[in-house]
Amino acid sequence: MDVPTARDEFEVAFTAATGLAAPPVASAFGDPGPQADELARLTAVGRKRATAGMLDDYLAAGEALPQRGDLLIVLDGDEAPVCVIRTTSVEVIPFSSVDAAFAYDEGEGDRTLASWRAEHERFFTARCEALGIDWHQRREVVCERFELVWPSPDVGGPRRRPTT
């Protein structure tokens, strides 16, 4: 018999608390390790309320774009569950069209557009290299906003937040 993992226990607690038949998919933000840890922490405390990914990454992986209402278990750098979020909006726009409000909602760094662009250009340039394509600021970015719907026990106890 397999010993339940922290993720198994988290999923059981979440489905029991919410009445969902199955747990949502799980994923981490950013690069594995310390960056994923920090982004998961920012999400769990409510500072990070948005994320951006290159459309090319979704296409290369054959993944569907996030949709309004999607649930996601946010994982840390060790792939341990931290919290559950619900997508509230998705917009696909050129990198150069991302605005200051979105940069602020991502909750990273000093929350300015300049900081957002510098960090995301670094991240997306590396992703383009991995995909064998050239980086440019016209590349389309999937801008997703979300709300925190269920924190983990480590962040204040399992509870379901009222949502609409």
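Structure notes:
Residue-wise test of (1) touching a helix residue (DSSP H, G or I) at 6+ places or on another chain (Cβ under 8 Å); (2) modelled with pLDDT of 95 or more; (3) over 24 Å from LEU131 (Cα atoms).
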position	(1), (2), (3)
PRO23	yes, no, yes
ALA26	yes, no, no
PRO32	no, no, no
GLN35	no, no, no
THR43	no, yes, yes
LYS48	yes, yes, yes
THR51	yes, yes, no
LEU55	no, yes, no
VAL74	yes, yes, yes
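- Restricting region 99-114 to residues that are out of contact with any helix residue (DSSP H, G or I) (no Cβ under 7 Å at 6 or more places or on another chain) and either assigned to a helix (DSSP H, G or I) or touching a residue at least 24 places away in the same chain (Cβ under 8 Å) (or both), the residue that is farthest from LEU20 (Cα to Cα): ALA114
- Neighbours by Cβ (under 9 Å, 6+ apart or cross-chain): first from region 135-164, more than 23 Å from ALA101 (Cα to Cα) and surrounded by 14 or more Cβ atoms within 10 Å (Cβ to Cβ); second basic (Lys, Arg) and modelled with pLDDT under 50: TRP150/ARG159; TRP150/ARG160; TRP150/ARG161; PRO151/ARG159; PRO151/ARG161
- Test result for VAL90, more than 13 Å from the chain's Cα centre (by Cα) and modelled with pLDDT of 95 or more: no
- Of all residues in region 64-93, those being surrounded by 15 or more Cβ atoms within 10 Å (Cβ to Cβ), in a loop (DSSP other than H, G, I, E, B), among the aliphatic types (A, V, I, L, M) and free of Cβ contacts under 8 Å to residues at least 60 places away in the same chain number 0.
- Remark: pairs (first residue in region 18-41, in contact (Cβ under 8 Å) with a residue 12 or more places away in the chain and acidic (Asp, Glu); second residue surrounded by 12 or more Cβ atoms within 10 Å (Cβ to Cβ) and part of a helix (DSSP H, G or I); Cβ separation under 8 Å; 6+ apart in sequence or on different chains) = ASP31/PHE123.
- Leading residue by the ranking (farthest from ASP8 (Cα to Cα)) among those in region 138-159 that are over 18 Å from the mean Cα position of the chain (by Cα) and at pLDDT below 95: GLY156
- Looking only at region 1-50, and only at residues there that are in a loop (DSSP other than H, G, I, E, B) and among the β-branched types (Val, Ile, Thr), the one that is surrounded by the fewest Cβ atoms within 10 Å (Cβ to Cβ): VAL3
The values are calculated or read from the model by the stated rules, or taken from the named source; none is laboratory data. The structure presented is a predicted model; accordingly, all values stated were derived computationally and were not measured. Note that each Cβ is placed from the backbone with ideal geometry, even for glycine, and that neighbours are counted across all protein chains shown.
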